[in-house]
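The values are calculated or read from the model by the stated rules, or taken from the named source; none is laboratory data. Here the structure is a predicted model, which is why all the values come from computation and not from measurement. Ideal geometry is used to build each Cβ from the backbone, glycine not excepted, and the neighbour counts take in all protein chains shown. What goes into the accessible areas is simple: the full protein's heavy atoms, side chains included, and nothing from ligands, DNA or RNA. Shrake-Rupley method; radii C 1.70, N 1.55, O 1.52, S 1.80 Å.
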Amino acid sequence: MTNIVVIGGGAGGMELLGKISKKLGKRGKANITLVDISSHHIWKPLLHELAAGSLDEGLNAVDYRVQAAQNSYNFEQGALTGVDRENRNITLAAMKDQHGNEILPERHVDYDYLVIGIGAITNDFGIPGVREHCDFLDLTEQAMNIRQKILNRFLQHAKNPEQGHFDITIVGAGATGTEMAAEMHHVADTLSGYGYEIAEDLLRVNLIEAADRVMPGLKKECLYGAVDKQLRALGVNIMTNTSVTQVTPEGMYTKEGLFIKSDMMIWAAGVKGPDVLGTLGLEVNKMNQLMVYANCQTTTDERIFSFGDCAACPQPDGSFTPARGQTARQMALLVGDNLIRILKDKDAELKEYLYKDLGGFVNMSKFYTVGNMFSFIGGGIAIKGCPARFVYASLYRRHMLALHGPIKGLLLMGLNGMQSWLRPQLKLW
Ligand SMILES: Cc1cc2nc3c(=O)[nH]c(=O)nc-3n(C[C@H](O)[C@H](O)[C@H](O)COP(=O)(O)OP(=O)(O)OC[C@H]3O[C@@H](n4cnc5c(N)ncnc54)[C@H](O)[C@@H]3O)c2cc1C
């Protein structure tokens, strides 16, 4: 039987698996294996909520092993370290526990068709000190680490007023940075209600952006203007036209000659392909993304496909696909279609991917949501407030339905709704 190996069970990977497991796995037409570095999936666009404690991983994480068993595919946990194209197998690094003890040795997994969707990592642009002193929001574990740090800081500062302010600096005023800045105020507000003694001016959030405005990805002034206004109303210190040149344990220096003292620093200033991609012998671009043709086959090997944040797919206007959740979903589903075609007829004509910008949303925690819908039609429709929040929430609901099917998906949504009413607004551990 044909072996299909999908590496990366993220926003796109899980949608792809949903499709091919139904059409190929359950019908006995292919043996499908998911490989992921992690044991469970959490939808990446919600990582800032996990970091702030607004999202409960217990209810929202999907265990890959269980998901695989219920959907006719296999799961192998491990980090991709190599691809042997001649013998058609991949290498996974040895798996170790938190003390460095080996659980599983280095392993190989055979493939006939390989799909790489391992997402992106935060780009530090080689700026000294960023890797060592900043926190990143690439993985679930990093988000949970940030949550613990935030809670510890609030506790320290609240119990010991001599500690002064809690200065947090977030670099990058795209969706991740702006949403995280708003979440910080949500955490401070909520903790005050849980007995933490938090002075009104304790939290100071700096949001740094090299461009001349927040949300450079939003085209409409009424939208990025609304984000700017809401963040300023919360007290966020927005510093645009500001570039960081060095980070130290105490804060960061800017090109403009400022030193921004910080107790905690979160780096959210752009993404690039994970380092391993540059070592696989496949063509990559300057951002370390795999180069693919419009049909998502890598330019180096037609048996290897790629999608999402880790792939650069050319578009008819000469641009390349943006690293966004909707791109990952659309490309992954197209890869699924193409694999189904190939398995029917290995010479079949493959579909080509055309990016369709359905819009984008910025959810500033409980405070405000803005967004643009159907951006592919004449610039789209701007929406704000409750309607925007509803559409934003429905994007995650759609992902849950894709993962769990209609019955289980709806039940889980109901459970999530109940838990937001029954349980504390923030997870404190
Ligand atoms: C806080 C935050 C907010 C965001 N908000 C939005 C938003 O509002 N709208 C939007 O469009 N996009 C948003 N994004 C971006 C969006 O999350 C990504 O574009 C999307 O998740 C990309 O999907 P993907 O499938 O390519 O990769 P991912 O979803 O990142 O999945 C990659 C998977 O690969 C696994 N993996 C990584 N390395 C390896 C390895 N070496 N071996 C094996 N497995 C590996 C990971 O564990 C993960 O499961 C946001 C991102 C963040 C961090």
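Numbers for the structure displayed
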| item | result |
| --- | --- |
| The chain: proportion of alpha-carbon pairs further apart than 43 angstrom, % | 13 percent |
| Accessible area of the chain belonging to carbon and sulfur atoms, whole % at 1.4 Å probe | 53 percent |
| Within a Gaussian network of the chain (alpha carbon springs, distance under 10 Å), most fluctuating of E352, E76, E162 | E162 |
| Fraction of alpha-carbon pairs over 24 Å apart in region 193-298 - percent | 50 percent |
| GNM top mover of L290, L17, L258 - the chain, alpha-carbon springs below 10 Å | L258 |
| Accessible heavy-atom area order of W421, W267, W43, highest first, probe of 1.4 Å | W421, W43, W267 |
| Accessible area in the full protein assembly, largest first, 1.4 Å probe, for H48, H99 | H99, H48 |
| Gaussian network model of the chain, springs between alpha carbon atoms under 10 Å - residue of E57, E256, E15 with greatest fluctuation | E256 |
| From the C-alpha gyration tensor of region 352-393, square roots of 5λ in Å | 22, 11, 7 |
| Principal axis dimensions, region 369-421 - Cα atoms, whole angstrom, descending | 37, 24, 9 |
| Kirkwood estimate for region 243-352, i.e. one over the average of 1/r between Cα atoms, Å | 16.3 Å |
| With all protein chains modelled, accessible area of Y253 [1.4 Å, Å²] | 100 Å² |
| Using distinct alpha-carbon pairs, which all enter the 1/r mean, Kirkwood radius of region 142-260 in Å | 15.2 Å |
| Calculated from backbone phi, Karplus (6.51, -1.76, 1.60) coupling profile of region 301-310 in Hz, x at Gly/Pro | 8, 6, 8, 10, 10, 8, 8, x, 4, 8 |
| Whole-angstrom Cα spans of region 172-241 along principal axes, big to small | 42, 20, 18 |
| Probe 1.4 Å, protein heavy atoms only - accessible area per residue of the chain in square angstrom | 46 Å² |
| Protein-only accessible surface order, largest first, of K229, K19, K408 at 1.4 Å | K229, K408, K19 |
| Debye intensity ratio I(q)/I(0), log10, region 54-104, q values 0.20, 0.22, 0.23, 0.27 Å⁻¹ (C-alpha model) | -0.95, -0.99, -1.00, -1.00 |
| FRET efficiency, 1/(1 + (r/R0)^6) with R0 51 Å, evaluated for E106 and A393 via beta carbons | 0.75 |
| Pairs of alpha carbons in region 283-336 whose separation is greater than 17 Å (percent) | 25 percent |
| Surface accessible to a 1.4 Å probe, K384 within the full protein complex, Å² | 80 Å² |
| Helical contribution to [θ] at 222 nm, DSSP H n ≥ 4, -39,500 (n - 2.57), averaged over the chain, rounded to 500 | -10500 deg cm²/dmol |
| Calculated log₁₀ intensity ratio I(q)/I(0) where the Debye formula runs over C-alpha points of region 1-83, q = 0.17 Å⁻¹ | -0.69 |
| For region 279-429, radius of gyration divided by Kirkwood radius, i.e. Rg to Rh on alpha-carbons | 1.05 |
| Cα-based Kirkwood hydrodynamic radius, region 107-177, one decimal, Å | 15.6 Å |
| Accessible-area value, V236, 1.4 Å probe, nucleic acids and ligands omitted, Å² | 10 Å² |
| Theoretical gain in end-to-end length, K23 to A294 [0.36 nm per residue, Cα-Cα removed] | 95.3 nm |
